[in-house]
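Worksheet: the structure to be examined is printed underneath.
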Amino acid sequence: MKIKDIEFRKFISREKIAEKVALLARQIDEDYKGKSPLFLPILNGSFIFAADLTRQVQVPCRVTFVKHSSMQGASSAGQLKTLIGLQESLFNQDLVLVEDIMDTGLTLTRVLEELQSLGTKSVEIVTLLRKAKAREHAVQPRYIGFEIGEEFVLGYGLDYDGWGRNLQDVYKYTGQGKPGQVGN
Ligand code: 5GP
């Protein structure tokens with residue numbers, strides 16, 4: 001299948017994804033019995049995963065979306081801001097960060113740094129995909145859907161230059177064409 005200028009082939013089917021999402025939701029239910037987690041999906045890539053996952057979770061929960069800004073500027077309070085869109089107080093909350101894919105781990109490291117000063121009760125990470133090099137990273141998600149290699153993927157929320165987020169399966173780059181800029 002061609003997206004813009006490059007070829008992709010199906011990699012993880014929608015059925016496999018659905019099975020995995022249900023499994024992750026059951027694990028979260030088990031671990032958060034008696035608690036009410038606050039899910040923090042990191043936009044844009046996690047929007048479909050987060051929608052499917054949170055609809056399967058049975059424990060009472062809330063969901064609030066945030067965006068990671070790669071351009072770190074000063075906020076009005078003069079602090080560095082990595083997370084945009086955060087309205088709720090995270091004080092004393094059991095947070096579950098929802099990520100689409102962990103590659104270098106830089107995004108999650110930055111997000112965790114920003115959360116450190118906010119007095120959260122606990123912070124765990126659920127990521128749909130984790131690339132091979134992230135396995136060595138200091139940041140270890142508690143919940144991981146699929147461990148993959150170094151391939152460039154899209155679909156199920158993940159894009160190539162803005163395209164492909166709406167695909168129901170996850171596809172991978174075949175090596176034909178040249179991937180350019182990716183979103184987040
Ligand atoms: P990290 O900060 O862990 O290197 O990268 C995480 C972010 O990079 C993801 O949230 C995602 O937006 C983007 N990313 C990393 N690998 C891929 C990939 O294979 N495909 C797509 N579409 N985005 C990726």
Given the rule -39500 (n - 2.57) for each run of at least 4 DSSP H residues, summed and divided by the residues of the chain, what is its mean residue ellipticity at 222 nm, to the nearest 500 deg cm²/dmol? -6500 deg cm²/dmol
Label zone at Gln140 (point 7 Å along Cα-to-Cβ), backbone N below 13 Å, the range 91-130: 125
Given Cα pairs under 8 Å that are at least 6 residues apart, what percent is the relative contact order of the chain? 26
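With respect to the cross-link table entries Lys16/Lys131; Lys2/Lys133; Lys20/Lys133; Lys2/Lys67; Lys20/Lys121, which display a Cα-Cα separation exceeding 24 Å?
With Cα atoms farther than 24 Å apart: Lys2/Lys133; Lys2/Lys67; Lys20/Lys121.
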So between Arg26 and Thr174, what do we pick up on full extension, going 0.36 nm a residue minus the alpha carbon distance? 49.9 nm
Residue among Val126, Phe49, His68 farthest towards the positive dipole end of the chain, charges placed on Cβ: Phe49
Whole-percent carbon and sulfur contribution to the accessible surface of the chain (1.4 Å, no ligands, DNA or RNA) stands at 49
So which aspartates and glutamates pass the test for Lys4, namely a Cα distance under 17 Å, with those fewer than 8 places away in the same chain ruled out? Asp159, Asp161
Can you list which of the DSSP-assigned H helices in the chain have a Cα extent of 24 Å or more along the long axis and an average Kyte-Doolittle score of at least 0.0? none
Just grab the label-to-label distance for Lys67 and Gln87, each label 7 Å out from Cα along the Cβ direction, in nm (one decimal). 1.5
Obtain the nm distance between the two label points defined at Gln56 and Lys33 by a simple spin-label model: each point lies 7 Å from its Cα along the Cα-to-C-beta direction. 2.0
Cβ-defined net charge surrounding Asn44, 14 Å radius [Lys, Arg +1; Asp, Glu -1]: -2
Euclidean distance between Cα centres, the range 28-56 to the range 83-107, Å: 11
Among DSSP bridges having both ends in the chain, what percentage is antiparallel? Round to the nearest 5. 40
So, for the chain, what is the accessible surface per residue at a probe of 1.4 Å, expressed in square angstrom? 52
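The values are calculated or read from the model by the stated rules, or taken from the named source; none is laboratory data. Worth saying up front: this structure is predicted, and the values here are computed from it rather than measured. Counting neighbours? That spans all protein chains shown, and the Cβs are built from the backbone with ideal geometry, glycine included. In case anyone asks, the SASA skips ligands and DNA or RNA and just uses the protein heavy atoms, side chains included. Shrake-Rupley method; radii C 1.70, N 1.55, O 1.52, S 1.80 Å.
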